[in-house]
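Student: Questions regarding the structure given below will be posed in turn.
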Amino acid sequence: SEHKRKLKGIIHDESATGKSTFLEPQSLVEFGNDLFDLRQKERKEIYRILLQLCYEIRPFVDYLNQYQILAGKFDFIKAKAKFAIALNAVLPRINNHGNIYLQNAEHALLKITFSEQGRSVVPLNLEMDQKLKVLVVSGPNAGGKSICLKTVGLTQLMFQAGLAVPAGEHSTLPIFNKLFLDMGDDQSLENDLSTYSSHLKSLKHFINFSDKRTLFLLDEFGTGTDPQFGGTIAEGVLEHLVNNE
């Protein structure tokens, strides 16, 4: 720092101790000014070129908008195809009778996660028709009950969204008007809801807005209160949902 006055230039900064000074020599200042001028000219030239291009393509703006939409559709179709290849997925057949037949169905997100870890998903086989409208799944903890419901729900949503699903080629699915899910615990101090009251709130919504083409996925149905009362209420709600036309 004691020699900083011996050099011509611009002082930009100095160290915390004051022993070092960061100085730009005068010769480099001139180069810096030339560089600034060149960058300004470059920006002006870029702007001129873009402005000229805009004048030339403005008459075709409607076509460009259509091409952009079409390119987006192609990109969407390609993404669905790559996703289907990654999952080894198929397009199930559609039926109009509300029948569900899943052959070797796998949870899509679980399959992606497990494939990265070198693990495999246990496939699910499920069949429901007009004679079997209700399926009750019971078993021990960590037995796969919730993942069974999630697999059915996610597979149905993917199917109705036009995506291929990770299942066997003979799988058949219907089109539902509504899909209702009550899974997990939505208790909230803010909304003054206990565990069971949150379930009751969901069931009330299901009863009010369901129809005969509605898929219900209810996890731990009737729990969160005294089994004597919870079981009775669950039975009544289930009977209403099944007979709802």
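Student: Could you list all residues from the range 1-18 that are assigned to a loop (DSSP other than H, G, I, E, B), surrounded by 10 or more Cβ atoms within 10 Å (Cβ to Cβ), out of contact with any Asp or Glu (no Cβ under 7 Å at 6 or more places or on another chain) and not hydrophobic (A, V, I, L, M, F, W, C)?
Tutor: 8, 15
Student: Mind checking which pairs have a first residue in the range 1-13 that is over 20 Å from residue 33 (Cα atoms) and among the small types (Gly, Ala, Ser) and a second that is assigned to a loop (DSSP other than H, G, I, E, B) and open to solvent by less than 90 Å² (accessible area, probe 1.4 Å), Cβ under 9 Å, 6 or more apart or different chains?
Tutor: 1/15; 1/18; 1/20
Student: With the checklist (1) out of contact with any Pro (no Cβ under 8 Å at 6 or more places or on another chain); (2) modelled with pLDDT of 75 or more; (3) outside any helix (DSSP H, G or I); (4) crowded, with 18+ Cβ neighbours inside 10 Å in hand, flag the one item residue 222 doesn't pass.
Tutor: (2)
Student: Same structure, new question: Filter the range 70-99 down to the residues that are of a type in the set (A, V, I, L, M, F, W, C), open to solvent by less than 70 Å² (accessible area, probe 1.4 Å), in contact (Cβ under 8 Å) with a residue 24 or more places away in the chain and part of a helix (DSSP H, G or I) and list them by number.
Tutor: Result: 83, 84, 87.
Student: What number of residues within the range 104-131 are open to solvent by 80 Å² or more (accessible area, probe 1.4 Å), assigned to a loop (DSSP other than H, G, I, E, B) and charged (D, E, K, R)?
Tutor: 2
Student: While we're on this one: Report whether or not residue 21 is among the β-branched types (Val, Ile, Thr), at pLDDT below 90 and exposed (fewer than 10 other Cβ atoms within 10 Å of the Cβ).
Tutor: No.
Student: I need the full set of residues from the range 80-119 which are over 30 Å from residue 213 (Cα atoms) and not acidic (Asp, Glu), in order please.
Tutor: 82, 85, 86, 112, 113, 114, 115, 117, 118, 119
The values are calculated or read from the model by the stated rules, or taken from the named source; none is laboratory data. Keep in mind it's a predicted model, so treat the numbers as computed, not measured. Reconstructed Cβ throughout: ideal geometry from the backbone, glycine too, with neighbour counts over all protein chains shown. Keep in mind that these areas ignore ligands, DNA and RNA; they rest on the heavy atoms of the full protein, side chains included. Shrake-Rupley method; radii C 1.70, N 1.55, O 1.52, S 1.80 Å.
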